[in-house]
Amino acid sequence: MNILLTGGMGYIGSHTALLLANAGHQVHIYDNLCNSNIGTLDRVQKICSKSIGFSEGDVRDTEKLTKVLRDAKIEAVIHLAGLKAVGESSQKPIEYYANNVQGSISLIQAMQMVGIKTLVFSSSATVYGDPVYLPYDEDHPTSPTNPYGRNKLQVEEILRDLSVSDKEWQIACLRYFNPVGAHESGLIGEDPNGIPNNLMPVIGQVVNGKLPLLNIFGDDYDTPDGTGKRDYIHVMDLAEGHLAALIWLQGNPGCHTFNLGSGDSYSVLDLLHHFEKASGQKIPYQIVERRPGDLPEYYAKADKAEKFLGWKTKRKLSDICNSSWLWIKNSRKS
Ligand code: NAD
Ligand code: WQD
């Protein structure tokens with residue numbers, strides 16, 4: 001299949017591009033590089049020894065996007081492009097709505113222009129908001145608590161309306177839990193611009209001496225060790241989830257929602273201790289105040305993806321930490 005990845009130069013997109021190319025698909029990336037680096041393309045191509053197409057552009061540029069879809073004879077799109085910093089989305093909500101919601105509308109219009117009707121959308125577990133019950137299943141009420149989460153939910157709703165208006169669309173909204181880890185080569189991984197917010201990139205910066213220590217946001221939650229618990233999912237498992245969704249969508253029109261998570265949750269201290277074991281390094285940390293907006297715990301009910309897509313996570317927390325450590329070590333050299 002000829003597949004376009006918007007935002008394919010980013011963390012999740014680069015791993016997905018690699019997996020799809022290795023599975024024999026023709027991959028074309030469309031990215032404006034606002035949170036990624038062109039050097040990633042060479043590294044992905046080096047790992048898979050395959051050629052991957054690239055066009056630099058903004059998803060809001062409908063005309064350019066339409067031309068790329070046409071020229072590369074695209075048959076399906078994975079839409080990963082977007083801004084993703086939860087805190088920043090509250091400071092710059094209009095920027096987030098313009099990029100994430102308007103950008104998605106522009107993509108749909110470009111796809112309509114060319115007649116492509118297969119789409120996988122990067123959604124997020126953040127659409128659920130405060131848990132009414134756990135684990136979150138796909139029918140859990142949605143009530144996002146920040147503009148970023150509302151962007152994701154709005155795009156899901158737009159896609160549902162689209163699939164009702166035109167029955168030929170085949171759409172999967174994948175609600176990712178907490179993606180972490182790196183490709184086993186250690187050549188690609190998460191490389192955020194600026195100061196990271198997420199736990200694993202912060203740990204990476206502590207190990208690489210860019211930050212003096214890890215601030216753990218609260219140890220007084222109602223969890224076994226008092227720190228927050230999350231459903232961490234290896235980025236290569238996540239990449240495999242995209243391929244499974246693309247395959248399943250052929251012959252399954254409509255707009256479908258799937259949780260992509262492991263179904264387990266681990267605390268901040270669990271992750272830290274696994275990382276210390278993987279790296280042989282002691283990570284200095286201090287307990288600080290809870291981070292506003294953080295939930296004590298959440299994790300996925302992941303049965304639907306297993307039942308329909310035949311997909312479930314294979315990799316463990318130790319695999320996550322080993323691959324992250326390899327990537328962090330390698331990125332220290334460059
Ligand atoms: P990332 O920032 O590494 O990758 C996103 C890519 O999109 C970047 O390469 C960026 O340059 C590009 N981009 C952003 N706006 C664009 C635009 N207007 N036009 C073209 N390209 C644009 O993020 P990621 O972690 O790889 O996330 C990918 C997707 O998955 C995002 O939509 C994100 O919201 C979603 N998601 C991420 C997580 C997570 O924790 N990483 C969790 C759930 C959902
Ligand atoms: C994980 C745990 C923190 C940093 C976010 C988004 C979510 C999704 C994934 C996009 C929590 C603790 C963290 C630190 C810490 N993204 N922590 N010190 O907040 O679960 O989810 O990313 O869709 O929408 O909200 O991820 O990695 O920031 O935090 O103690 O310096 O680590 O309190 O318990 P989060 P995270």
### Task
Report, by residue number, each residue of segment 136-158 that is surrounded by 22 or more Cβ atoms within 10 Å (Cβ to Cβ) and more than 15 Å from Gly293 (Cβ to Cβ).
Tyr136, Asn151, Lys152, Val155
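Considering each of Val77, Val68, Val27 in turn, give the residue that is closer than 21 Å to Gln170 by Cβ and free of Cβ contacts under 8 Å to residues at least 60 places away in the same chain. Steps first, answer last, please.
Details: Val77 fails: free of Cβ contacts under 8 Å to residues at least 60 places away in the same chain; Val68 fails: free of Cβ contacts under 8 Å to residues at least 60 places away in the same chain.
After applying the criteria, what remains is Val27.
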#### Entry: Residues located in segment 242-257, provided they are in a strand (DSSP E or B) and of a type outside the set (Ser, Thr, Tyr)
Gly254, Cys255, His256
### Query
What number of residues within segment 67-104 satisfy the criterion of being buried (at least 16 other Cβ atoms within 10 Å of the Cβ), within 14 Å of ligand 2 (Cβ to nearest atom) and more than 24 Å from Ala17 (Cα to Cα)?
4
## Note on the structure
Flagged pairs (Cβ under 6 angstrom, 6 or more apart or on separate chains; first in segment 305-319, in contact (Cβ under 8 Å) with a residue 40 or more places away in the chain; second part of a helix (DSSP H, G or I) and of a type in the set (A, V, I, L, M)) are Leu309/Ala244; Leu309/Ala245; Trp311/Ala244; Trp311/Ala305
### Message
Restricting to segment 11-66, and then to whatever is closer than 21 Å to Ala110 by Cβ and aromatic (Phe, Trp, Tyr), can you tell me which residue is farthest from ligand 2 (Cβ to nearest atom)?
### Response
Phe54
### Query
Identify, please: which residue in segment 177-206 is among the hydrophobic types (A, V, I, L, M, F, W, C) and within 13 Å of ligand 2 (Cβ to nearest atom) and is, among those, surrounded by the fewest Cβ atoms within 10 Å (Cβ to Cβ)?
Ile195
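For segment 170-194, name all the residues that are in contact with a strand residue (DSSP E or B) (Cβ under 7 Å, 6 or more places away or on another chain) and more than 10 Å from ligand 1 (Cβ to nearest atom). Let's see the steps before the verdict.
Going residue by residue through segment 170-194, those that are in contact with a strand residue (DSSP E or B) (Cβ under 7 Å, 6 or more places away or on another chain) are 170-181.
Across segment 170-194, the qualifying residues are Gln170, Ile171, Ala172, Cys173, Gly181.
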### Query
Among the residues of segment 147-192, how many are polar (S, T, N, Q), more than 13 Å from the chain's Cα centre (by Cα) and closer than 22 Å to Ala244 by Cα?
2
### Query
Are any residues in segment 207-241 at pLDDT below 95 and part of a helix (DSSP H, G or I), and if so, which ones?
Val207
### Query
Which of the residues belonging to segment 163-205 are modelled with pLDDT of 95 or more, over 23 Å from Ser143 (Cβ atoms) and polar (S, T, N, Q)?
Ser165, Gln170, Ser185
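The values are calculated or read from the model by the stated rules, or taken from the named source; none is laboratory data. Small disclaimer: the values here were computed from a predicted structure and weren't measured. Cβ coordinates were reconstructed from backbone atoms using ideal geometry, including for glycine residues, and neighbour counts include every protein chain displayed.
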